[in-house]
Amino acid sequence: LWSLGGSCDTVRPMQNSSIFATLSDPNHVYLDCNATTPVAAFLAPMVSDWLKFGGNPSSIHQAGRKPKALIREARKSLATMIGCDPLEIIFTNGGAEANNLALKGVFENWQKPSPFAKGFRNHYIISAVEHPSIMKTAEFLKTRGARVDVLPVDRDGQIDLDIYKSLLSDQTALVSVMLANNETGHIFPIREMAQMAHEVGALFHTDAVQALGKMPIHLRELGVDLASFSGHKFYSLKGCGILFARKGLQIESLIHGGGQERGRRGGTENVLAIAALGEMSRFSGEVVEQALRLKALRNELEENIKSEIVDVTITGENGLRLSSTSSLVIPGVDGETLLMNLDMRGFAVSTGAACSSGNPEPSPVLLAMGLSREEAQSSLRLSLSWSTTREEILRFIQTLKEVVIHLRSFQNPDTALQKTDRCNS
Ligand SMILES: Cc1ncc(COP(=O)(O)O)c(C=O)c1O
């Protein structure tokens, strides 16, 4: 793989790992991996090779056989990675589509007249910190007559299971709670919550988009009925996601008019992105090792920032979190201004979910956790990848410190001196 480095100046090695490099600009420090990860360099020549197989995977002639085989192989190795059967995988174009398919697919199925008296369930439960593709879909279902309850979270990012239990009933059709949060990295007790849902006969969906590659996942052990994933959050190409749907589960397709994915998702498959994600799944053995390495790096980052920049707090610091994500509140600076200043110095970070960037409102996730509007507006999300190095983190801390001192003096001249004095320069 190192041989790639000679031919492409944007390939850089992953620290502590000889297995692969990522395609990214070596002059920039990319700390926005929850928005999207850089693409694994070893995929580039493979994708270029696969371009030769231009047939439609649904065609039965020779030209269709190779792309069909690529999809079959990817399905198999992805199923091994996430702990399910290959036929339980439905390829979509990404995580948002998978989430839509889970919620709308279950809802539509309940609307169908059934010869069996299965009773009508019309109640949905989601958490208050879900991605907009769950939040907005739940809003949409309400316009179609569904009843939706939103589970609160506390300032540590935790869900109160007693409240959850009190919301579950024999009317509950589906619960959807994410495995790990995209903004703060909080991990939820999905196994326990799925069991509780099953006790009242409800289905359980988890949005596992942010968990893929960041923590080990075994769907059978988690006991969920549906789960969503996205390829571009795992060093692969944009345009491929997965909805896992447990064997025997009926969901209505969102896209009609194609028999692909056993009629559950019509439309010609994105062969290159599917095959690329399939190749990435061969690195599942790296997940734990990288999570441990990143935990040490993230802890060092947080400790340094807290000691170097006064008044910084880590959102939900005491909760169980992904080891690659850190959400900070830096009082006295505006998050967007901070982001732009860091960007000019070659550091990519985020103030909230990138999917909702352009939205000047403070992050609904942080507000749901009990942060004030002011705190949410002064927040910064840092998300590390398998290729993030310690040297980059140390450079980032130094730059962040300089930028915060500068912005605090500019935005809040009265307290700037005091704040600047208290920074350990
Ligand atoms: C938790 C979560 N779910 C779903 C999505 C949507 O995934 P995609 O961009 O693949 O549609 C994202 C994207 O940021 C996410 O973070």
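Taking the criterion of being open to solvent by less than 60 Å² (accessible area, probe 1.4 Å) and either of a type in the set (Val, Ile, Thr) or touching a residue at least 40 places away in the same chain (Cβ under 8 Å) (or both), the residues of segment 57-68 that qualify are Pro57, Pro67. A Cβ distance below 6 Å, combined with a sequence gap of six or more or placement on separate chains, defines the contacts here; from segment 90-102, residues that are over 15 Å from Leu226 (Cβ atoms) reach residues that are open to solvent by 10 Å² or more (accessible area, probe 1.4 Å) and modelled with pLDDT of 95 or more in the pairs Asn93/Gly239. Gly157 passes every criterion in (1) surrounded by 15 or more Cβ atoms within 10 Å (Cβ to Cβ); (2) free of Cβ contacts under 8 Å to residues at least 40 places away in the same chain apart from (2). Annotation: Leu78 fulfils all but one of (1) in contact with a helix residue (DSSP H, G or I) (Cβ under 8 Å, 6 or more places away or on another chain); (2) open to solvent by less than 10 Å² (accessible area, probe 1.4 Å); (3) away from the ligand (no atom under 16 Å from the Cβ); the unmet one is (3). Among the residues of segment 320-338, are any within 21 Å of the chain's Cα centre (by Cα) and surrounded by fewer than 21 Cβ atoms within 10 Å (Cβ to Cβ)? Within segment 320-338, one or more residues are within 21 Å of the chain's Cα centre (by Cα) and surrounded by fewer than 21 Cβ atoms within 10 Å (Cβ to Cβ).
Inspect all residues belonging to segment 238-250 and state whether any of them is assigned to a loop (DSSP other than H, G, I, E, B) and in contact with a strand residue (DSSP E or B) (Cβ under 6 Å, 6 or more places away or on another chain).
Looking only at segment 238-250, we keep the residues that are assigned to a loop (DSSP other than H, G, I, E, B), and these are 238-240, 246-250.
From what is left, the residues that are in contact with a strand residue (DSSP E or B) (Cβ under 6 Å, 6 or more places away or on another chain) are none.
Looking through segment 238-250, none of the residues is assigned to a loop (DSSP other than H, G, I, E, B) and in contact with a strand residue (DSSP E or B) (Cβ under 6 Å, 6 or more places away or on another chain).
Here is a yes/no grid of residues against (1) within 27 Å of Gln210 (Cα to Cα); (2) among the β-branched types (Val, Ile, Thr); (3) touching a Ser or Thr at 6+ places or on another chain (Cβ under 9 Å); (4) away from the ligand (no atom under 16 Å from the Cβ):
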position	(1), (2), (3), (4)
Pro26	yes, no, yes, yes
Cys33	yes, no, yes, no
Ala41	yes, no, yes, yes
Ser48	no, no, no, yes
Pro57	no, no, yes, yes
Ala63	no, no, no, yes
Lys68	no, no, yes, yes
Cys84	yes, no, no, yes
Lys112	no, no, no, yes
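Taking residues in segment 289-312 that are closer than 16 Å to Glu392 by Cα and among the charged types (D, E, K, R), and partners anywhere that are open to solvent by 10 Å² or more (accessible area, probe 1.4 Å) and at pLDDT 95 or above, the pairs with Cβ atoms closer than 6 Å and at least 6 places apart or on different chains are Lys295/Ser323; Arg298/Ser323; Glu302/Ile314.
Ala275 meets the stated requirement of being in contact with an Asp or Glu (Cβ under 8 Å, 6 or more places away or on another chain), open to solvent by less than 40 Å² (accessible area, probe 1.4 Å) and in contact (Cβ under 8 Å) with a residue 60 or more places away in the chain. Only one entry in Ala368, Ala291, Ala353 is among the aliphatic types (A, V, I, L, M), at pLDDT below 95 and open to solvent by less than 40 Å² (accessible area, probe 1.4 Å), namely Ala353.
Arg264 falls short on exactly one of the conditions (1) closer than 23 Å to Ser176 by Cβ; (2) within 16 Å of the ligand (Cβ to nearest atom); (3) of a type in the set (Lys, Arg); (4) surrounded by fewer than 24 Cβ atoms within 10 Å (Cβ to Cβ), and that condition is (2).
For Lys136, the test of being among the charged types (D, E, K, R), more than 16 Å from the ligand (Cβ to nearest atom) and either open to solvent by 10 Å² or more (accessible area, probe 1.4 Å) or touching a Gly at 6+ places or on another chain (Cβ under 9 Å) (or both) is failed. When Val224, Val209 are checked against the criterion of being modelled with pLDDT of 95 or more, closer than 22 Å to Asn93 by Cβ, away from the ligand (no atom under 11 Å from the Cβ) and in a loop (DSSP other than H, G, I, E, B), a single residue qualifies: Val224.
Taken over segment 39-52, the criterion of being crowded, with 19+ Cβ neighbours inside 10 Å and either in a loop (DSSP other than H, G, I, E, B) or of a type in the set (Val, Ile, Thr) (or both) is satisfied by Val39, Ala41, Phe42.
A single member of Ile19, Ile71 is touching an Asp or Glu at 6+ places or on another chain (Cβ under 8 Å) and either at pLDDT below 95 or more than 16 Å from Ser236 (Cα to Cα) (or both), and it is Ile19. If you go through segment 202-226 and pick out every residue that is open to solvent by 10 Å² or more (accessible area, probe 1.4 Å) and more than 20 Å from Asn100 (Cα to Cα), you end up with 9. Within segment 87-115, work out how many residues are open to solvent by 40 Å² or more (accessible area, probe 1.4 Å) and either closer than 22 Å to Lys233 by Cα or modelled with pLDDT of 95 or more (or both). Count: 4.
Residues in segment 227-261 that are in contact (Cβ under 8 Å) with a residue 60 or more places away in the chain, open to solvent by 40 Å² or more (accessible area, probe 1.4 Å) and either more than 16 Å from the ligand (Cβ to nearest atom) or touching a Leu at 6+ places or on another chain (Cβ under 6 Å) (or both): Arg246, Lys247, Gln250, Glu252, Leu254, Gly259.
The values are calculated or read from the model by the stated rules, or taken from the named source; none is laboratory data. None of the values given here were measured: they were computed from a predicted structure. Please note: Cβ atoms are built from the backbone with ideal geometry, for glycine as well, and neighbour counts cover all protein chains shown. Note: areas computed on protein heavy atoms with side chains; ligands, DNA, RNA excluded. Shrake-Rupley method; radii C 1.70, N 1.55, O 1.52, S 1.80 Å.
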